[in-house]
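So the structure is just underneath, and the comments pick up after that.
None of the figures in this text is laboratory data; all of them are computed from the coordinates on show. Every value quoted in this text rests on a predicted model; they were computed, and no experiment measured them. Ideal geometry is used to build each Cβ from the backbone, glycine not excepted, and the neighbour counts take in all protein chains shown.
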Amino acid sequence: MDKNSLSRRSFVKMTGGALGAGSMLVLAGCGPAAQSTSSSTSSTAADSSSSSSATLGDGKTLRVGMEAAYAPYNWQASEESDTTIPIENVDGAYADGYDVQIAKKIGEGLGMDPVAVKMSFSGLIDALTAGQIDIICAGMSYTDERAQSIDFSDSYLDDSISLVVKKDSAYASATSLEDFSGTSVLGQKDTFYDDVIDQIPNVNHMTPVATIPNVIENIEQGTCDAITFSSLSVPYLLEDYPDLVEVEFADGKGFADATNPDNAGIAKGQDGVLEKINKIIGDVSSDERSQIWNDCSNRQPS
């Protein structure tokens with residue numbers, strides 16, 4: 001498979017067809033209904049700012065929290081380009097990726113200049129509530145637990161979760177989660193990639209690691225039997241690591257719910273600005289989202 005020759009429509013069709021019924025992939029204009037709540041999308045009397053005047057931070061510089069180590073969602077680059085933004089806390093470094101392109105659109109819509117603030121994924125929510133960053137664009141998904149601390153935008157990308165194994169392993173031909181009973185499975189810390197592992201019966205749920213490169217390193221070194229991975233990113237992973245293969249589950253035999261949306265997060269009490277952000281996100285068509293994703297995937301670092 002030549003990732004540079006994939007059209008956006010053939011890529012979406014191919015990746016969606018490779019998944020089981022429990023892990024369907026959709027690139028859509030908005031995410032599942034669970035991603036939005038009445039508290040995060042409706043204006044209240046207590047909200048003193050209207051949608052037209054709402055802004056974030058100082059209204060000039062949009063500080064965007066991300067790992068800058070989670071390609072193709074976000075990664076660190078050494079050279080500036082028309083797809084990058086500066087990383088505020090790393091001298092001479094820039095951020096690129098799908099999250100960055102959406103952050104740039106949000107910044108433009110709010111009349112602000114986006115800069116990335118690089119930090120661990122697990123520290124993003126605390127940094128947001130402490131005012132160290134203005135918004136999270138980092139491949140983070142809405143969950144009820146996270147929504148107790150921050151507000152989430154509508155989805156700006158809908159991914160899913162796949163299981164990946166070594167091509168020469170006994171599990172390469174597996175067709176159900178039951179086939180992985182007793183195996184050691186690894187995911188990324190503080191993400192849904194780690195949470196879904198408990199759906200595997202009698203699994204040895206390994207201690208999650210901090211980054212996706214760490215996840216890949218472990219499967220390559222043979223310290224685990226399988227890893228969870230972004231379904232949208234799997235075709236590109238397999239090109240870079242031809243010794244790996246995606247598990248193809250039979251209908252109804254995969255993860256019960258592997259939907260993994262990408263939502264922006266902001267501090268609570270800013271309903272007006274959240275409304276503006278949702279309008280900006282809603283104006284990005286499905287075709288444009290697919291094109292941005294493919295472009296980011298094709299230029300991501302190896």
Exercise. For SER184 paired with ASP287, estimate the spin-label separation in nm (one decimal), with each label point 7 Å from Cα along the Cα-to-Cβ line.
Key: 4.9 nm
Practice problem: Go through 120-132, 79-91 and give me the packing order, highest mean Cβ count within 10 Å leading. | Solution: 120-132, 79-91
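Sorted by mean Cβ packing within 10 Å, highest first, what order do the peptides 199-207, 148-156 take?
Details: 199-207: 14.7, 148-156: 22.4.
Top to bottom by mean Cβ count within 10 Å: 148-156, 199-207.
What's the FRET efficiency of THR207 with TYR241 using the Cβ-Cβ distance as r and R₀ = 22 Å, to the nearest 0.05? Don't skip to the end; give the middle numbers.
On the way: r = 22 Å, r/R0 = 1.01.
It comes out at approximately 0.50.
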Quiz item: Can you list, bin by bin at 5 Å, the percent of alpha carbon pairs in the stretch 161-259, starting at 0?
Solution: 2, 14, 28, 29, 21, 6, 0
Self-check item: Dimensions (Å) - the stretch 111-163, Cα atoms, principal axes, largest first
Solution: 34, 24, 21
Self-check item: Reach of LYS253 by Cα under 16 Å, taken over lysines that are not fewer than 8 positions away in the same chain
Solution: none
Exercise. Could you list THR259, THR223 in order of exposure, starting from the residue whose Cβ has the fewest other Cβ atoms within 10 Å?
Key: THR223, THR259
Quiz item: When the Cα centres of the stretch 154-178 and the stretch 229-286 are compared, how far apart do they sit, in Å?
Solution: 14 Å
Quiz item: Can you list the residues, at least 5 places off or on another chain, whose amide H is less than 5 Å from the amide H of GLU67, using H built in the peptide plane?
Solution: MET119
Exercise. Quick one: net charge around ILE125, please, counting Lys, Arg +1 and Asp, Glu -1 for every other residue with C-beta under 14 Å from its C-beta.
Key: -4
Self-check item: Relative exposure of ILE102, ILE133, ILE292, judged by other C-beta atoms within 10 Å (fewest first)
Solution: ILE292, ILE102, ILE133
Self-check item: Chain lengthening between GLN148 and ASN214 when straightened (0.36 nm per residue, less Cα-Cα)
Solution: 20.9 nm
Quiz item: Karplus couplings for the stretch 159-172 from phi (6.51 cos²θ - 1.76 cosθ + 1.60, θ = phi - 60°), rounded to Hz, Gly and Pro as x?
Solution: 9, 9, 10, 10, 10, 10, 9, 5, 4, 9, 7, 5, 9, 5
Quiz item: Computed on alpha carbon atoms, what radius of gyration and Dmax characterise the stretch 214-261, expressed in Å?
Solution: 11.7, 31
Quiz item: For the residue pair SER120 and ALA172, what label-to-label distance in nm results when each label sits 7 Å from Cα along the Cα-to-beta-carbon direction?
Solution: 3.6 nm
Quiz item: Considering amide H positions built from the backbone, and no H for Pro or chain starts, which residues 5 or more places from ASN260, or on another chain, come under 5 Å of its amide H?
Solution: ASP159, SER160
Quiz item: Whole-Hz Karplus ³J(HN,Hα) for the stretch 119-124, in order, using 6.51 cos²θ - 1.76 cosθ + 1.60 and θ = phi - 60°, x for Gly and Pro?
Solution: 7, 5, 4, 5, x, 5
